[in-house]
1. With the condition being over 14 Å from the mean Cα position of the chain (by Cα) and loosely packed, with under 12 Cβ neighbours inside 10 Å, I'd like the strands (runs of 3 or more DSSP E) fully within the range 1-77 carrying at least 1 qualifying residues.
2. Can you tell me how many residues in the range 150-163 are small (Gly, Ala, Ser) and in contact (Cβ under 8 Å) with a residue 24 or more places away in the chain?
3. Considering only residues that are in a loop (DSSP other than H, G, I, E, B) and of a type in the set (Lys, Arg), which ones fall in the range 78-99?
4. Which residues, taken from the range 1-53, are closer than 30 Å to SER113 by Cα, in contact with a Leu (Cβ under 7 Å, 6 or more places away or on another chain) and free of Cβ contacts under 8 Å to residues at least 12 places away in the same chain?
5. Of all the residues that make up the range 144-153, how many are farther than 16 Å from LEU67 by Cα, among the hydrophobic types (A, V, I, L, M, F, W, C) and either surrounded by 16 or more Cβ atoms within 10 Å (Cβ to Cβ) or in contact with a helix residue (DSSP H, G or I) (Cβ under 8 Å, 6 or more places away or on another chain) (or both)?
6. Kindly indicate whether any position in the range 109-116 is touching a Lys or Arg at 6+ places or on another chain (Cβ under 6 Å) and either over 18 Å from LEU41 (Cβ atoms) or surrounded by fewer than 16 Cβ atoms within 10 Å (Cβ to Cβ) (or both).
Amino acid sequence: MDTLKKLIREVPDFPKPGILFYDITTLLKDPRGLRGTIDALRAQYKGAEVDAVIGIESRGFIFAPALAYALGAGFVPVRKPKKLPAPTSSISYDLEYGTDTLEIHRDAIQKGSRVLIVDDLLATGGTARAVAQLVEGLGGTVAGLGFVVELTFLNGRGKLAGHDVYSLLQYDK
């Protein structure tokens, strides 16, 4: 994992002073880095009997389809409002400074489906928790939540209690 971590660019003072941003675009452009990321996620969930992999807009769309393919599962996008064409279920959730809303097609998850939720980053956990609630509201079971990067100092796992949470790379600060 240290090899993958070395491929992530650290950008100080972005998006505002005092924030250290972990930029995964440098990981993505490296063929071995991208392959290593997908392979490591696949190894974590091999044998998990996953029916669908959800990718959260937008960077979850980078990893979830490749992982779904590798696991022999379907891919389901969760998007911002008014981006999906068929009837949707939505959830609003709190952010640090306001609220946000996500949507999923109502027919995307069948009752009893085992669903893996994937995103690039676990920070405060609010977005992932909202998506888990969407899945469960449609009758699915959250088989796990997988992330490429986790900012452990923000304690996002605390909002995901009761779920299997995995992150490939962790940052303490």
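1. So the answer is 9-12.
2. Residues that pass the stated criteria total 2.
3. Within the range 78-99, LYS80, LYS82, LYS83 meet the criteria.
4. LEU34
5. Within the range 144-153, residues that are farther than 16 Å from LEU67 by Cα, among the hydrophobic types (A, V, I, L, M, F, W, C) and either surrounded by 16 or more Cβ atoms within 10 Å (Cβ to Cβ) or in contact with a helix residue (DSSP H, G or I) (Cβ under 8 Å, 6 or more places away or on another chain) (or both) number 1.
6. Looking through the range 109-116, none of the residues is touching a Lys or Arg at 6+ places or on another chain (Cβ under 6 Å) and either over 18 Å from LEU41 (Cβ atoms) or surrounded by fewer than 16 Cβ atoms within 10 Å (Cβ to Cβ) (or both).
A quick yes/no check of all residues on (1) touching a strand residue (DSSP E or B) at 6+ places or on another chain (Cβ under 8 Å); (2) touching a residue at least 24 places away in the same chain (Cβ under 8 Å); (3) more than 21 Å from LEU168 (Cα to Cα); (4) not aromatic (Phe, Trp, Tyr):
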| site | (1), (2), (3), (4) |
| --- | --- |
| GLY55 | yes, yes, no, yes |
| ARG59 | yes, yes, no, yes |
| TYR93 | yes, yes, yes, no |
| TYR97 | no, no, yes, no |
| THR101 | yes, no, yes, yes |
| GLY112 | yes, yes, yes, yes |
| ALA128 | yes, yes, no, yes |
| GLY140 | yes, yes, yes, yes |
| VAL148 | yes, yes, no, yes |
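Just so you know, all these numbers are worked out from the coordinates, no wet-lab data involved. Just so we're clear, the structure is a prediction, and the values are computed from it rather than from any experiment. Here the Cβ is made from the backbone with ideal geometry for all residues, glycine too, and neighbour counts use every protein chain on show.
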